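Comments concern the structure below.
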Amino acid sequence: MVIDGTAVDLVLRRSARRSFALQIDHCGARVAVPLRTSLQEIERFVHSHGRWLLDRLKASAEAARAPVLEVADGVQLPLFGCPLRLRLREGGRTQWRAALDGGEELVLPLGGDPSRALLRALQARALPWYRGRVAEYCHRLGLKQPPVRLSNAVTRWGSCSSRSGIRLHWRLIHLQPGLIDYVVAHEVAHLIEMNHSPRFWAVVEDVYPNWRAARSALRAAAPTLPVIGAHSAPGRGAAAG
């Protein structure tokens, strides 16, 4: 199928489902439709999500090409938009500490898989911070805070479900807090509007007026984020209709 001049390979799956869905993972794109759906209806659905599909396929390709971070003593990576220096030491345990230059250092024990230890440390740092920001935006909207969990999806920074709560990608921890807040505000707004209608964006505008600039900055920053071993492997994104 050609979308905005770009040829896109799609795997078609028909089933007893009632709705349409586009799904993307490291294997490519799939469209799932009800059994008796005509090809014309499928094409209309795919084209209606054409920009979303092309953006996600591009993000997936960029993630696959991104170099894997080599975890070594002295290596730096961003943490909340500021440099974090890694230190590898014999024995001991994983430890966060202040650096002499006023920044932060993360001490990782030698032996085992240092990239996995780094991943665990970053996720442990991210989750309570995300929960605090979700609590703040729920407070602004007068909402009860839902469960907050981490995700590893390659094409989505966050997701919101009325049943399971909010999921935020652990890799957001590399970004400046203001950009993380945009994602948080976006997902909290879904607690009111489970769609991307004008009403939804009005809620986002109310709590995060600069969302348009933040969305552009987030798209620009995404390809620059470090990939930490096989533990940053691509996940899945989806758009439902």
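Here is a yes/no grid of residues against (1) under 23 Å from Asp55 (Cβ atoms); (2) modelled with pLDDT under 90; (3) touching a helix residue (DSSP H, G or I) at 6+ places or on another chain (Cβ under 8 Å):
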{"residue": "Met1", "(1), (2), (3)": "yes, yes, yes"}
{"residue": "Ala7", "(1), (2), (3)": "yes, yes, no"}
{"residue": "Leu10", "(1), (2), (3)": "yes, yes, yes"}
{"residue": "Arg14", "(1), (2), (3)": "no, no, no"}
{"residue": "Phe20", "(1), (2), (3)": "yes, yes, yes"}
{"residue": "Gln23", "(1), (2), (3)": "yes, yes, no"}
{"residue": "His26", "(1), (2), (3)": "yes, yes, yes"}
{"residue": "Gln40", "(1), (2), (3)": "no, no, no"}
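When you scan region 155-173, do you find a residue that is surrounded by fewer than 15 Cβ atoms within 10 Å (Cβ to Cβ) and either among the β-branched types (Val, Ile, Thr) or over 30 Å from Gly28 (Cα atoms) (or both), even just one? Within region 155-173, none of the residues are surrounded by fewer than 15 Cβ atoms within 10 Å (Cβ to Cβ) and either among the β-branched types (Val, Ile, Thr) or over 30 Å from Gly28 (Cα atoms) (or both). Quick check on region 202-212. Is at least one of its residues open to solvent by less than 30 Å² (accessible area, probe 1.4 Å), modelled with pLDDT of 90 or more, assigned to a loop (DSSP other than H, G, I, E, B) and closer than 24 Å to Lys58 by Cα? Within region 202-212, none of the residues are open to solvent by less than 30 Å² (accessible area, probe 1.4 Å), modelled with pLDDT of 90 or more, assigned to a loop (DSSP other than H, G, I, E, B) and closer than 24 Å to Lys58 by Cα.
Given the condition open to solvent by less than 50 Å² (accessible area, probe 1.4 Å) and either modelled with pLDDT under 95 or closer than 25 Å to Pro83 by Cα (or both), answer yes or no: does some residue in region 136-148 qualify?
If we filter region 136-148 for residues that are open to solvent by less than 50 Å² (accessible area, probe 1.4 Å), which is where we start, we get 137-138, 141, 146, 148.
Among the residues that remain, those that are also either modelled with pLDDT under 95 or closer than 25 Å to Pro83 by Cα (or both) are: none.
No, there is no match, as no residue in region 136-148 is open to solvent by less than 50 Å² (accessible area, probe 1.4 Å) and either modelled with pLDDT under 95 or closer than 25 Å to Pro83 by Cα (or both).
For the list (1) within 25 Å of Leu218 (Cα to Cα); (2) free of Cβ contacts under 8 Å to residues at least 40 places away in the same chain, I need the number of the one condition that Asn152 fails. (2) is the only condition that Asn152 fails.
Restricting attention to region 73-109 and to residues that are at positive phi and modelled with pLDDT of 90 or more, the residue that is surrounded by the fewest Cβ atoms within 10 Å (Cβ to Cβ) turns out to be Gly74.
So if I check each of Glu70, Glu62, which one is at pLDDT below 90 and part of a loop (DSSP other than H, G, I, E, B)? So that I can check it myself, show each step before the final result.
Values: Glu62 fails: part of a loop (DSSP other than H, G, I, E, B).
Result of the check over Glu70, Glu62: Glu70.
Thr224 meets all of the listed conditions (1) at pLDDT 90 or above; (2) out of contact with any Phe, Trp or Tyr (no Cβ under 6 Å at 6 or more places or on another chain) but one, namely (1).
For region 187-199, enumerate the residues that are in contact with a helix residue (DSSP H, G or I) (Cβ under 6 Å, 6 or more places away or on another chain) and open to solvent by less than 40 Å² (accessible area, probe 1.4 Å). Let's see the steps before the verdict.
Start the filter on region 187-199 by keeping residues that are in contact with a helix residue (DSSP H, G or I) (Cβ under 6 Å, 6 or more places away or on another chain), which leaves 188-189, 192-193.
Correct list: Val188, Ala189, Glu193.
This table checks each residue for (1) at pLDDT 95 or above; (2) within 23 Å of Leu225 (Cβ to Cβ); (3) of a type in the set (Val, Ile, Thr); (4) in a loop (DSSP other than H, G, I, E, B).
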{"position": "Gly111", "(1), (2), (3), (4)": "no, no, no, yes"}
{"position": "Ala121", "(1), (2), (3), (4)": "yes, yes, no, no"}
{"position": "Val134", "(1), (2), (3), (4)": "yes, yes, yes, no"}
{"position": "Thr155", "(1), (2), (3), (4)": "no, yes, yes, yes"}
{"position": "Cys160", "(1), (2), (3), (4)": "no, yes, no, no"}
{"position": "Leu172", "(1), (2), (3), (4)": "yes, yes, no, no"}
{"position": "Asp181", "(1), (2), (3), (4)": "yes, yes, no, no"}
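Among the residues making up region 1-43, those that are closer than 17 Å to Ser60 by Cα, open to solvent by 20 Å² or more (accessible area, probe 1.4 Å) and not in a strand (DSSP E or B) are Asp9, His26, Cys27.
The values are calculated or read from the model by the stated rules, or taken from the named source; none is laboratory data. As the structure is a prediction and not an experimental result, all values here were calculated from the model. No Cβ is skipped: glycine too gets one built from the backbone with ideal geometry, and neighbour counts run over all protein chains shown. SASA here: full protein model, heavy atoms, side chains in, ligands and nucleic acids out. Shrake-Rupley method; radii C 1.70, N 1.55, O 1.52, S 1.80 Å.
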